[in-house]
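Asker: Questions regarding the structure given below will be posed in turn.
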Amino acid sequence: MKMFSANIEDLRTLYVTNLQKALDMEQKITDALPKMIEKSTDPQLAKAFSDHLQQTEGHVEKVDGLIRNATGDSDTETCKAIGGLITEAEDSIKDAKDESVRDITLIAAGQQVEHHEIAVYGTLRNWANLLGLANDAQVLESILNEEKAADKLLSSISDGVNMQAAA
Ligand SMILES: [Fe+2]
């Protein structure tokens with residue numbers, strides 16, 4: 001795809017705005033994960049969430065660094081999608097009284113968030129490449145890989161937890 005300078009300027013604005021939304025998203029996930037750890041019964045699940053909390057704190061730093069590079073300032077833009085996903089997760093966790101059912105609800109909520117993050121970072125990485133920002137693309141790719149690994153781990157934990165919930 002050939003990009004003209006006006007398109008590049010538009011894409012650059014869109015890229016920075018979406019980085020700012022990603023920062024808001026990561027900050028909200030940082031706030032939500034401690035509650036998810038607390039609600040988890042399965043020790044493997046609690047550990048997966050707490051390991052991912054550490055990674056998420058790293059994502060906040062990395063995305064913040066990219067925004068500072070681009071604008072000289074640290075700024076966020078509200079990510080409405082993550083707000084909706086977190087509210088929905090809180091509602092279904094409240095409804096699940098049984099421990100193993102609550103665990104599978106937490107896994108489902110965690111995977112919905114991961115899938116959203118995978119879409120966000122896949123897009124941002126591609127846009128960074130289009131803009132010729134090789135370093136940004138590399139940072140975004142490293143975050144993307146951690147989100148994918150977190151999603152995969154939740155899938156493997158869910159195999160065991162689902163069996164308990166159905167027993
Ligand atoms: Fe993340």
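The values are calculated or read from the model by the stated rules, or taken from the named source; none is laboratory data. Keep in mind it's a predicted model, so treat the numbers as computed, not measured. A quick note on method: Cβ atoms are made from the backbone with ideal geometry, for glycine too, and the neighbour counts reach across all protein chains shown. Remember, those area values only see protein heavy atoms, side chains included, never the ligands or the DNA or RNA. Shrake-Rupley method; radii C 1.70, N 1.55, O 1.52, S 1.80 Å.
Asker: Given the conditions (1) within 14 Å of the ligand (Cβ to nearest atom); (2) crowded, with 17+ Cβ neighbours inside 10 Å, and given that R102 satisfies all but one, which numbered condition is not satisfied?
Answerer: Exception for R102: condition (1).
Asker: So for segment 107-115 (the condition being out of contact with any Leu (no Cβ under 8 Å at 6 or more places or on another chain) and within 13 Å of the ligand (Cβ to nearest atom)), does at least one residue qualify?
Answerer: yes
Asker: Which of the residues belonging to segment 57-69 are over 14 Å from the mean Cα position of the chain (by Cα), surrounded by 15 or more Cβ atoms within 10 Å (Cβ to Cβ) and without any contact (Cβ under 8 Å) to a residue 60 or more places away in the chain?
Answerer: Scanning segment 57-69 gives D64, I67.
Asker: In the set S92, S74, which member is part of a loop (DSSP other than H, G, I, E, B) and either open to solvent by less than 80 Å² (accessible area, probe 1.4 Å) or among the hydrophobic types (A, V, I, L, M, F, W, C) (or both)? Steps first, please.
Answerer: Working: S92 fails: part of a loop (DSSP other than H, G, I, E, B).
One residue alone meets the criteria, S74.
Asker: I would also like to ask the following. Consider segment 118-156. How many of its residues are in contact with an Asp or Glu (Cβ under 6 Å, 6 or more places away or on another chain), more than 13 Å from the ligand (Cβ to nearest atom) and without any contact (Cβ under 8 Å) to a residue 40 or more places away in the chain?
Answerer: Of the residues in that region, 1 qualify.
Asker: Restricting attention to segment 27-49, report how many residues are open to solvent by 50 Å² or more (accessible area, probe 1.4 Å), in contact with a Leu (Cβ under 8 Å, 6 or more places away or on another chain) and within 16 Å of the ligand (Cβ to nearest atom).
Answerer: Total meeting the criteria: 1.
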